[in-house]
1. Determine whether the stretch 378-388 contains at least one residue that is outside the structural domain of residue 204 (by TED's automatic domain parsing), outside any loop (DSSP other than H, G, I, E, B), in contact with a strand residue (DSSP E or B) (Cβ under 6 Å, 6 or more places away or on another chain) and under 18 Å from residue 62 (Cα atoms).
2. If residue 261 passes every condition in (1) in a loop (DSSP other than H, G, I, E, B); (2) in contact with a strand residue (DSSP E or B) (Cβ under 6 Å, 6 or more places away or on another chain) but one, which one does it miss?
3. Looking at (1) closer than 27 Å to residue 59 by Cβ; (2) free of Cβ contacts under 8 Å to residues at least 12 places away in the same chain, find the lone condition where residue 114 falls short.
4. Considering only the stretch 138-192, state which residues are loosely packed, with under 14 Cβ neighbours inside 10 Å, without any contact (Cβ under 8 Å) to a residue 24 or more places away in the chain and farther than 30 Å from residue 291 by Cβ.
5. Restricting to the stretch 308-329, count the residues that are part of a loop (DSSP other than H, G, I, E, B) and surrounded by fewer than 16 Cβ atoms within 10 Å (Cβ to Cβ).
6. Can you name the number of the only condition in (1) more than 15 Å from the chain's Cα centre (by Cα); (2) crowded, with 20+ Cβ neighbours inside 10 Å; (3) farther than 15 Å from residue 240 by Cα; (4) modelled with pLDDT of 95 or more that residue 415 fails?
7. Of the numbered conditions (1) more than 20 Å from the chain's Cα centre (by Cα); (2) at pLDDT 95 or above; (3) closer than 28 Å to residue 440 by Cα, residue 132 fails exactly one; give the number of that condition.
8. Given the criteria closer than 28 Å to residue 77 by Cβ, surrounded by fewer than 14 Cβ atoms within 10 Å (Cβ to Cβ) and at pLDDT 95 or above, does residue 485 qualify?
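The values are calculated or read from the model by the stated rules, or taken from the named source; none is laboratory data. Since we're looking at a predicted model, the values are computed, not measured. Cβ sites come from the backbone with ideal geometry, for glycine too, and all protein chains shown count toward neighbours.
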């Protein structure tokens with residue numbers, strides 16, 4: 001018979017997981033021995049970066065990615081990124097090497113409760129009872145990760161299991177998508193058909209499930225106003241479309257005010273609703289009906305009000321289009337205003353930087369954004385308008401955009417990829433720069449450098465805390481030197497007349513490139529009780 005290692009690599013081939021993201025340690029070396037020539041090992045220099053790259057890769061391919069971490073400490077390093085993958089609904093098979101089974105009872109160095117460490121933020125966490133069960137457990141992990149709603153799965157594998165002889169598990173095919181209740185779709189269609197002023201709130205699941213253009217067709221048939229869900233991690237609707245109205249605020253009072261003009265609100269692929277600062281108020285005004293379609297059963301049962309329908313978002317939207325009658329007499333909502341004009345100044349205003357990005361970036365660019373203080377300004381000017389155009393961390397955690405953009409570029413090498421990130425955020429997972437250089441992932445990293453945590457200053461001000469909070473300024477960083485030390489070329493831009501040339505150099509480069517843009521510090525206005 002073949003060994004567990006040989007059977008596992010054959011299984012991974014069959015599942016299409018021949019790219020392994022990892023940072024090796026002693027308990028992983030038996031797995032990596034005799035690594036197959038037809039596999040690719042993507043080395044990351046820290047486990048959070050490893051898992052973030054796998055997240056971006058899986059989002060690019062749409063399939064589960066394979067991750068190999070180093071026992072308890074390595075898994076612990078990766079847990080922040082695991083939280084993001086959990087909220088991103090990213091399918092990952094995450095493994096880590098447990099100590100040798102033969103002396104686990106003696107509590108040796110690098111043994112630990114790996115299963116319990118991973119448990120809160122994976123769909124399943126398990127350590128096989130026998131070495132012979134490892135391949136079957138990996139197969140189960142794959143199908144669990146891919147089963148809707150997708151997400152990470154963890155398998156702890158004792159290091160001496162790999163050389164044990166075992167049989168290959170029988171093949172097992174699973175259809176991973178649930179269909180929505182037909183009766184619920186008929187009810188939703190009836191309510192929407194009778195609406196006078198309908199609105200759609202488009203969330204990340206729209207793009208995630210391939211319903212982007214179907215949602216455009218639905219909105220056009222309804223002549224519905226379309227809003228982006230609060231803090232959406234992917235764009236669910238073209239933000240340059242005449243029906244698009246902007247982004248909902250992440251606060252109760254402000255959301256209810258933004259949706260006050262509509263009698264029916266259809267929430268597609270998003271919670272009802274996602275909030276950040278506590279600003280009490282009604283969820284929506286009295287009399288407004290809220291309908292939710294979600295691929296996440298937890299978001300359905302946790303919705304604050306309305307009627308929720310669980311099932312594949314893309315299938316649901318397509319069915320609604322078929323069920324709805326044409327309604328040519330319903331007036332279309334007014335178009336969103338064009339972004340305000342900007343002026344070139346020194347230091348560079350964030351709005352001017354976003355305006356230039358909108359002018360210079362290729363239309364098919366995928367942007368991984370992690371600069372909270374300028375996110376609203378970004379959406380005002382750049383306006384992502386196609387599937388896969390925009391990503392951020394659904395968890396709200398920092399450290400996602402850099403590694404995820406590298407992983408995504410490895411999955412989609414022909415697509416222009418930009419990582420737009422704040423200077424503070426850039427310090428969380430900048431080991432990804434080394435991997436980008438090592439594996440030729442020519443991502444353009446654009447650092448929005450305001451020398452501080454300005455999103456936190458905005459939150460501080462919304463809470464009325466004054467100037468009493470320490471630790472919000474981060475001066476004296478040379479981010480270009482950091483990049484150069486990782487093998488990535490770069491430059492600092494301080495004056496607006498140098499911005500276009502720098503961006504064009506970065507876009508034309510055949511290697512990863514970092515541009516550190518010194519911008520005018522601006523404290524964003526967050527929703528507060530006083531508004």
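1. no
2. That leaves (2) as the condition not met.
3. That leaves (2) as the condition not met.
4. If the condition is that a residue be loosely packed, with under 14 Cβ neighbours inside 10 Å, without any contact (Cβ under 8 Å) to a residue 24 or more places away in the chain and farther than 30 Å from residue 291 by Cβ, then 170, 173 are the ones that fit.
5. Selection size over the stretch 308-329: 5.
6. Here residue 415 meets the rest and fails (2).
7. The one condition residue 132 does not meet is (3).
8. Judged against the criteria, residue 485 is a match.
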